[in-house]
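The values are calculated or read from the model by the stated rules, or taken from the named source; none is laboratory data. Keep in mind the model is a prediction, meaning the values are calculated, not measured. Positions of Cβ are backbone-derived with ideal geometry, glycine not excepted, and every protein chain shown enters the neighbour counts. Ligands, DNA and RNA are stripped out before the accessible areas are found, and what is left, the full protein with its side chains, is counted by its heavy atoms. Shrake-Rupley method; radii C 1.70, N 1.55, O 1.52, S 1.80 Å.
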Amino acid sequence: MPRGVRQMEMNQYLEVFIEESKEHLQACNEHLLELEKNPDNIQIVNEIFRSAHTLKGMSATMGYEDLASLTHQMENVLDAIRNHKIVFTPEILDVIFLAVDDLEAMIASIETGGDGKKNVESVVKKLAAIENGEAIFDETAKEEVAATAMLEEPATVSRYDEFETTVLKQSEEQGFFPYEINISLRQDCLLKAVRVFMVFEALESLGEVIKANPSVEELEEEKFENSFTITFISKETRDAVQACIMKVSEVDEVDVKPIVFSEQPALHQESISAEQNNALPESKQQELVESKQQQEENPSEEKGEMAAAAKHSSKTIRVNIERLDILMNLFEELVIDRGRLEQISQDLKDQELHETVERMSRTTGDLQNIILNMRMVPVETVFNRFPRMVRQLARDLNKKINLEIVGAETELDRTVIDEIGDPLVHLIRNALDHGVETPEIRRANNKEETGTVILRAYHSGNHVFIELEDDGAGINKKKVLQRALDKGIISKEAANSLTDSQIAELILASGFSTADKISDISGRGVGLDVVKSTIESLGGSITIESQEGKGSLFSIQLPLTLSIISVMLVEIQEEKYAIPLSSIIETAIVHKQDVLQGHNQTVIDFRGKVVPLLFLKDLFEVPVTKEEDEFYSVVIVRKGEKLAALVVDSFIGQQEVVLKSLGSYLSYAFAISGATILGDGQVALIVDCNALIK
Amino acid sequence: MLESVAADTKLIIFELKGKEYAIPVHQVRSIEKMMHITRIPNIAPFVKGVINLRGVVTPIIDLRLRFGLDELEYSDRSRIIIITLNDMDVGLVVDAANDVVDVSEDVFEPSPEAAFGTEVDYINGVAKLEKRLLILVNLEKVFDREVLKNYVRSEG
């Protein structure tokens, strides 16, 4: 596992390493934020320490020294905090946040194939400075360790650098014995590299090689005299190890020495048990987590969730996202073929074929549910970066803001998750910058100094809602209206008939910015319109409710999945169109006599409501070849509260289809959100009802 | 102007109203016979619609209409040339596509402005090949989305 020993195997681990590092860094972030709120809670410091410690061990093992040295420094500071050697201050927290930022950058570099190197000197210096603020305590502690180490195994320990020591110590904590083995080959040994290989092979059956001196490369190239040293960890006894190596022929002498470290100071106990957690089997791990839970004096709700998450994760495996995408693509092909088969079986009217196809449809339906479920990711993956962002922004803006996240476990399709991050960032920035007022103004308005921003996610039917609520100033409707008129976004006549939320939604129009002064945070006049278009391109919609002086609520509605949707296929003259079921309320047949003529608009009376008729034939300029009959077939669709009746020629039926994009070239197509391939191999366009209803 | 054409290039030759046009073979993915095209409403007239090209929804434009020539009913000779442009697949309907030639770079000349008018930006130049005159098409300009934007209706 260490550098150089098994370069090939390292690559295999790299992915796992990156994933886990990210998780640990995220945990650090979350706990740091928590710590900021409860600076006296040593339990949280312990959690952070644990994450940092694991991260250090992992990166040292993987050979990322900068990463390891920075985490090491961070760990020192954390250690001092939890042992009350340093008084915890917000300034320290800032530096730790900086360090975490650097760590994130390094992991990102490794992920993109970089070497994970970064100049971390300044942060390390700052950390060291914090640590030295209580240098007396620290140094004595270090001296102690060094002194005990001297006593027991001076020569051995000094030969390992910090990282190797960490690895050795960790393994010792996990019940392995560290050994240093000196092996001499016979003088007349001819194939020294072969013997070396055999020794390594023999050792690997017993434990793990940590280090070799000379290095493995040199040993393989026979760049050594007759003896070499291996640092090795194993659960076997010294004699067993010795006997095992002696079995290799031409080995002259084997000297196995146990490596002894000083006793860990008691304060390290906490981290040790954490390390053991990783190595223990699932059931025990849960027990440990649970017992820890009980030990805590005030087990908060969040902690309970963490334990649940730990249980949950033990039953999962990691799958590369690419593989899931390939699976999805293959399945999409299958759905298209299924459609084709269904059509063939209908045409042939063969009972057996019909039954088989029917069964297959059911099975693929189940398969589809499972595949789509597999692609579901909790919105947490997007939300978890916001607490830090909000903290930073609040500081930059000199505002006091409390961010509450509700429903982070709500799941969404991966493709949606990938796209939703940026729009949310925009909205949050907007809420912080323009929504929540400064503490002074809030006080003057009899509000609490600290503004509350709630980020909420929940499922409802076939949709996921993400809401951002703030108790800030709300939207100044007069100002917005004036601005919209000034910028020519709406006409004077139109302005009079707008509802309150329609006025509020004007801030999503392009080229709009009401901030009195342009700030870094938001208010560049681009942004919110991008939010709107991104969400609409995802098949979603955004609405705003706002009460002046009380706050605003931005509500985003998103489809659960993007790739396979249920549609109603309709025929308009010779052409087929697909209308997403998610927009449809119902279908109806309306007699021509029942159609009413409004001003510039034909309408029908639908369950007591006046609903405008939209003739798709005209809107889509469909070539007319058929005679009209006495009735209109209409599909009632909605966008938010508003309804419209789309007039078509006939209904073909309901079908699951694979949504395909029209490609970037045709992205301007009006009222068409995409296309799908039908059973007969032809392309049908998917109607974008949101664009049709104004 | 002709950087995209390396010395000794293979060109696909197609026919449009009796004239011969050429595009580099490396930009061509395949040549298809006419198939069902699904019309896209409210878009530029030269966009004929989309086809199902082995599972990929591919936009198709009629090159005659794009070049401002009169429309011709599709026949057995009509072909759809599928090209790959900036990672997107798009198709061109042409009167016929029936030749591949090797040419060296030195036969190309910038298009004589008088012949095509100054405003035409989708022609890269011409090549004289014995008695034939090949007109080199600039596909990037043919599929310029800005041109398409002008035709798009934004209100319902």
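Among the residues of region B:77-88, is there at least one that is in contact with a strand residue (DSSP E or B) (Cβ under 9 Å, 6 or more places away or on another chain), surrounded by 14 or more Cβ atoms within 10 Å (Cβ to Cβ) and facing chain A (nearest Cβ under 8 Å)? Yes, that holds for at least one residue.
Matching residues to (1) within 14 Å of chain B (Cβ to nearest Cβ); (2) without any contact (Cβ under 8 Å) to a residue 60 or more places away in the chain; (3) of a type outside the set (S, T, N, Q); (4) outside any strand (DSSP E or B):
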| residue | (1), (2), (3), (4) |
| --- | --- |
| A:GLU571 | yes, no, yes, no |
| A:GLN597 | no, yes, no, no |
| A:VAL611 | no, yes, yes, no |
| A:LYS626 | no, yes, yes, yes |
| A:TYR632 | no, yes, yes, no |
| A:VAL635 | no, no, yes, no |
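Return only the number of the condition from (1) within 9 Å of chain B (Cβ to nearest Cβ); (2) open to solvent by less than 60 Å² (accessible area, probe 1.4 Å); (3) modelled with pLDDT of 80 or more that A:LEU646 does not satisfy. That leaves (1) as the condition not met. Meeting the requirement of 3 or more residues that are among the aliphatic types (A, V, I, L, M), the helices (runs of 4 or more DSSP H) wholly within region A:161-226 are A:192-204.
So that you can scan it fast, the table gives a plain yes or no per residue for (1) at pLDDT 75 or above; (2) open to solvent by 50 Å² or more (accessible area, probe 1.4 Å):
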{"site": "A:GLU162", "(1), (2)": "no, yes"}
{"site": "A:PHE177", "(1), (2)": "yes, yes"}
{"site": "A:ALA202", "(1), (2)": "yes, no"}
{"site": "A:GLU218", "(1), (2)": "yes, yes"}
{"site": "A:MET246", "(1), (2)": "yes, yes"}
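Every condition in (1) farther than 30 Å from A:PRO90 by Cβ; (2) at pLDDT 85 or above; (3) in a helix (DSSP H, G or I); (4) touching a strand residue (DSSP E or B) at 6+ places or on another chain (Cβ under 9 Å) holds for A:LEU393 except the one numbered (1).
Only one of A:THR356, A:THR363, A:THR381 is closer than 27 Å to A:LEU32 by Cα, without any contact (Cβ under 8 Å) to a residue 40 or more places away in the chain, assigned to a helix (DSSP H, G or I) and open to solvent by 50 Å² or more (accessible area, probe 1.4 Å); which?
Details: A:THR356 fails: closer than 27 Å to A:LEU32 by Cα; A:THR363 fails: closer than 27 Å to A:LEU32 by Cα.
The unique qualifying residue is A:THR381.
The set of residues from region A:28-49 being open to solvent by 30 Å² or more (accessible area, probe 1.4 Å) and of a type in the set (A, V, I, L, M, F, W, C) comprises just one member, A:ILE42. Between A:ASP94, A:ASP101, A:ASP115, the distinction of being open to solvent by less than 70 Å² (accessible area, probe 1.4 Å) and either closer than 21 Å to A:ILE18 by Cβ or of a type in the set (S, T, N, Q) (or both) belongs to A:ASP101 only. Against the list (1) open to solvent by 60 Å² or more (accessible area, probe 1.4 Å); (2) in contact (Cβ under 8 Å) with a residue 60 or more places away in the chain; (3) within 27 Å of the chain's Cα centre (by Cα), the condition A:GLU409 fails is (2).
Just to be sure before I move on: is A:MET374 touching a helix residue (DSSP H, G or I) at 6+ places or on another chain (Cβ under 8 Å), loosely packed, with under 15 Cβ neighbours inside 10 Å and not β-branched (Val, Ile, Thr) in the structure I sent? Break it down stepwise before answering.
Values: touching a helix residue (DSSP H, G or I) at 6+ places or on another chain (Cβ under 8 Å): yes; loosely packed, with under 15 Cβ neighbours inside 10 Å: yes; not β-branched (Val, Ile, Thr): yes.
Yes; evaluated as a whole, the condition is true for this residue.
Anything in region A:573-583 that is open to solvent by 30 Å² or more (accessible area, probe 1.4 Å) and part of a strand (DSSP E or B)? List them, or say none.
Let us first name the residues in region A:573-583 that are open to solvent by 30 Å² or more (accessible area, probe 1.4 Å), namely A:574-576, A:581-582.
Listed by number, the residues that qualify are A:GLU575, A:LYS576.
Just one of the listed residues (B:ILE37, B:ILE60, B:ILE12, B:ILE43) is closer than 30 Å to A:VAL687 by Cα, touching a strand residue (DSSP E or B) at 6+ places or on another chain (Cβ under 7 Å) and open to solvent by less than 30 Å² (accessible area, probe 1.4 Å), and it is B:ILE60. Put simply, of A:ALA52, A:ALA80, A:ALA60 the only residue that is out of contact with any Pro (no Cβ under 6 Å at 6 or more places or on another chain), buried (at least 21 other Cβ atoms within 10 Å of the Cβ) and closer than 18 Å to A:ASP115 by Cβ is A:ALA60. Within region A:479-493, does at least one residue satisfy the condition of being under 25 Å from A:GLY539 (Cβ atoms), surrounded by fewer than 20 Cβ atoms within 10 Å (Cβ to Cβ) and of a type in the set (A, V, I, L, M, F, W, C)? Yes, there is a match, as at least one residue in region A:479-493 is under 25 Å from A:GLY539 (Cβ atoms), surrounded by fewer than 20 Cβ atoms within 10 Å (Cβ to Cβ) and of a type in the set (A, V, I, L, M, F, W, C). Checked against (1) aliphatic (A, V, I, L, M); (2) within 23 Å of A:SER546 (Cα to Cα); (3) in a loop (DSSP other than H, G, I, E, B), A:ALA408 passes all but condition (2). Taken together, the criteria exclude A:ASP618 from residues that are more than 27 Å from B:GLU146 (Cα to Cα) and either more than 11 Å from every other protein chain (Cβ to nearest Cβ) or outside any strand (DSSP E or B) (or both). Of the helices (runs of 4 or more DSSP H) lying entirely inside region A:45-157, those containing at least 1 residues that are over 25 Å from A:LYS211 (Cβ atoms), at pLDDT 80 or above and among the hydroxyl-bearing types (Ser, Thr, Tyr) span A:90-111. Of A:THR410, A:THR381, all but one fail to be closer than 30 Å to A:PRO90 by Cα and of a type in the set (Ser, Thr, Tyr); the exception is A:THR381. The residues of region A:213-237 that are touching a residue at least 60 places away in the same chain (Cβ under 8 Å) and over 13 Å from A:PRO178 (Cα atoms), listed by number, are A:SER215, A:VAL216, A:GLU217. When the residues of region B:61-73 are filtered to those that are more than 10 Å from every other protein chain (Cβ to nearest Cβ) and either within 15 Å of B:GLY91 (Cβ to Cβ) or at pLDDT 95 or above (or both), the one that is nearest to the chain's Cα centre (by Cα) is B:LEU63.
Each residue in region A:662-675 was checked for being more than 7 Å from chain B (Cβ to nearest Cβ) and open to solvent by 10 Å² or more (accessible area, probe 1.4 Å), and 2 of them qualify. Can you tell me which residue in region B:2-60 is modelled with the lowest pLDDT, limited to those that are at positive phi and more than 14 Å from every other protein chain (Cβ to nearest Cβ)? Top of the filtered list is B:ASP8.
Given the options A:VAL658, A:VAL687, name the one that is more than 7 Å from every other protein chain (Cβ to nearest Cβ), open to solvent by less than 10 Å² (accessible area, probe 1.4 Å) and either over 15 Å from A:GLU571 (Cβ atoms) or among the polar types (S, T, N, Q) (or both). Lay out the reasoning, then the answer.
Numbers: A:VAL687 fails: either over 15 Å from A:GLU571 (Cβ atoms) or among the polar types (S, T, N, Q) (or both).
That would be A:VAL658, the only listed residue that is more than 7 Å from every other protein chain (Cβ to nearest Cβ), open to solvent by less than 10 Å² (accessible area, probe 1.4 Å) and either over 15 Å from A:GLU571 (Cβ atoms) or among the polar types (S, T, N, Q) (or both).
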